Amino acid sequence: MKVVSNTSPIINLAAIGQLDLLSQLYGPIRIPQAVFHEIAVLGAGQPGAREVRNTQDFPRHSIQNHSLCRSLQLTLDDGEAEAITCAMETQVDLLLLDERRGYRAATVLGLNVVGVLL
């Protein structure tokens with residue numbers, strides 16, 4: 001199953017010591033560069049940062065459709081916009097996303113979305 005994740009599901013599961021659930025359920029979880037940056041760089045030392053930086057469970061994706069991403073960034077943060085763009089580009093089976101605005105935008109684009117907290 002091809003899965004892309006935004007920042008929140010990874011951080012939320014890491015915070016309660018359950019990050020391994022993602023790989024158990026879905027295998028590797030693709031993340032865009034902005035999500036990697038939010039978790040591993042800006043969130044260094046926080047839950048999930050080490051795992052995202054040091055395991056093969058979170059392969060990174062560099063988005064190609066910058067115009068789609070920029071249009072999404074008008075209402076969403078960088079991680080959400082890139083996660084949705086990444087999901088569209090890679091034709092994923094599932095997008096993990098917890099924020100309501102991002103959820104609405106992704107479903108309008110026809111993506112299958114599930115959240116940890118949503």
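Between segment 8-66 and segment 71-107, what is the C-alpha centre distance in whole Å?
Here the two parts' Cα centres lie 15 Å apart.
Which of Leu21, Leu76, Leu96 ends up with the largest GNM mean-square fluctuation for the chain, with Cα atoms connected below 10 Å?
Ranking Leu21, Leu76, Leu96 by mean-square fluctuation puts Leu21 first.
How far apart, in nm, are two points set 7 Å out from the Cα along the Cα-to-Cβ line at Arg100 and at Ala44?
A separation of 3.5 nm, rounded to one decimal place.
Rounded to a whole number of µm²/s, how large is the Stokes-Einstein D of the chain at 10 °C and 1.306 mPa s, given Rh as the Kirkwood radius over C-alpha pairs?
115 µm²/s
Please report the relative contact order for segment 3-114, taking Cα pairs under 8 Å with a sequence separation of at least 6, and give it as a percent rounded to a whole number.
32 percent
Tell me, in nm to one decimal, what length is gained between Asn65 and Val114 on full extension, where the rule is 0.36 nm per residue of separation less the Cα-Cα distance?
Stretched out fully, the Asn65 to Val114 stretch lengthens by 15.4 nm.
Say a paramagnetic label sat at a point 7 Å from the Cα of Asp20, along Cα to Cβ; which residues of segment 53-73 have their backbone N under 18 Å from it?
Answer for this model: 53-58.
Mark the label point 7 Å from the Cα of Met1 along Cα→Cβ and return the residues of segment 68-110 whose backbone N is within less than 12 Å of it.
Taking a point 7 Å out along Cα→Cβ of Met1, the residues of segment 68-110 whose backbone N falls under 12 Å are 93-96.
Using the scaling law 2.2 N^0.38 Å as the reference, what is the normalised Cα Rg of segment 1-67?
1.04
Run the quick spin-label model on Thr107 and Asp93: label points 7 Å from Cα toward the beta carbon, then report their separation in nm to one decimal.
2.2 nm
Just want the ordering: Arg100, Arg53, from fewest to most Cβ atoms lying within 10 Å of their own Cβ.
Lowest count first: Arg100, Arg53.
Each value in this text was obtained by applying a stated rule to the coordinates, not by laboratory testing. Everything numeric here is computed off the predicted structure, so don't read it as measured data. A quick note on method: Cβ atoms are made from the backbone with ideal geometry, for glycine too, and the neighbour counts reach across all protein chains shown.
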